[in-house]
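See structure below.
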């Protein structure tokens with residue numbers, strides 16, 4: 001078990017969409033706006049779920065079931081690697097990259113009905129493993145940025161970072 005000072009991971013993808021309930025498109029970098037969320041994203045706004053995060057390790061679990069899914073397919077804004085996000089506590093603060101600060105506001109979500117994502121990919125890990133946050137300090141985020149867990153010990157587990165897949 002690691003303390004938060006030791007817990008870190010990285011951003012694998014930043015994704016956005018202008019419509020709720022659909023797969024998000026990966027972008028090179030995103031602007032997070034204080035108390036709002038990801039610029040030009042349908043989920044941004046003055047509420048507690050301004051930003052959604054999902055671990056690539058959870059996406060791999062679905063891929064191992066034979067589904068063709070990738071970053072953004074579960075409508076997450078930030079795909080991470082190296083942190084067991086679902087084990088963080090509400091109130092945990094995360095630094096993203098050089099300047100951004102977010103606070104975890106919700107772990108998982110209630111899925112009242114099968115959303116478009118469920119129908120498109122056959123499963124949805126966001127209700128069980130996704131987390132939501134509000135933006136305390138805005139800035140630019142991009143793939144490769146370090147994520148640092150701040151604050152008291154949450155019992156979060158650090159997962160090994162897997163080598164990037166080589167594209168031929």
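Just a few scattered comments:
- Check on residue 107, at pLDDT below 95 and either surrounded by 17 or more Cβ atoms within 10 Å (Cβ to Cβ) or touching a strand residue (DSSP E or B) at 6+ places or on another chain (Cβ under 6 Å) (or both): yes
- Meets criteria (touching a residue at least 24 places away in the same chain (Cβ under 8 Å), farther than 20 Å from residue 97 by Cα, under 14 Å from the mean Cα position of the chain (by Cα) and assigned to a loop (DSSP other than H, G, I, E, B)) for residue 23: yes
- Set 95, 71: member being at pLDDT 95 or above, in contact with a strand residue (DSSP E or B) (Cβ under 7 Å, 6 or more places away or on another chain) and part of a loop (DSSP other than H, G, I, E, B): 71
- Residue check for residue 58: surrounded by 20 or more Cβ atoms within 10 Å (Cβ to Cβ) and modelled with pLDDT under 95: yes
- Filter pass, residue 53 being under 22 Å from residue 7 (Cβ atoms), within 11 Å of the chain's Cα centre (by Cα) and at pLDDT 90 or above: yes
- Qualifying residue in segment 43-50 (condition: under 18 Å from residue 128 (Cβ atoms), surrounded by 14 or more Cβ atoms within 10 Å (Cβ to Cβ), touching a residue at least 24 places away in the same chain (Cβ under 8 Å) and in contact with a strand residue (DSSP E or B) (Cβ under 6 Å, 6 or more places away or on another chain)): yes
- Only one of 71, 17 that is farther than 14 Å from residue 149 by Cα, over 12 Å from the mean Cα position of the chain (by Cα) and buried (at least 17 other Cβ atoms within 10 Å of the Cβ): 17
The values are calculated or read from the model by the stated rules, or taken from the named source; none is laboratory data. Computed from a predicted structure; not experimentally measured. Here the Cβ is made from the backbone with ideal geometry for all residues, glycine too, and neighbour counts use every protein chain on show.
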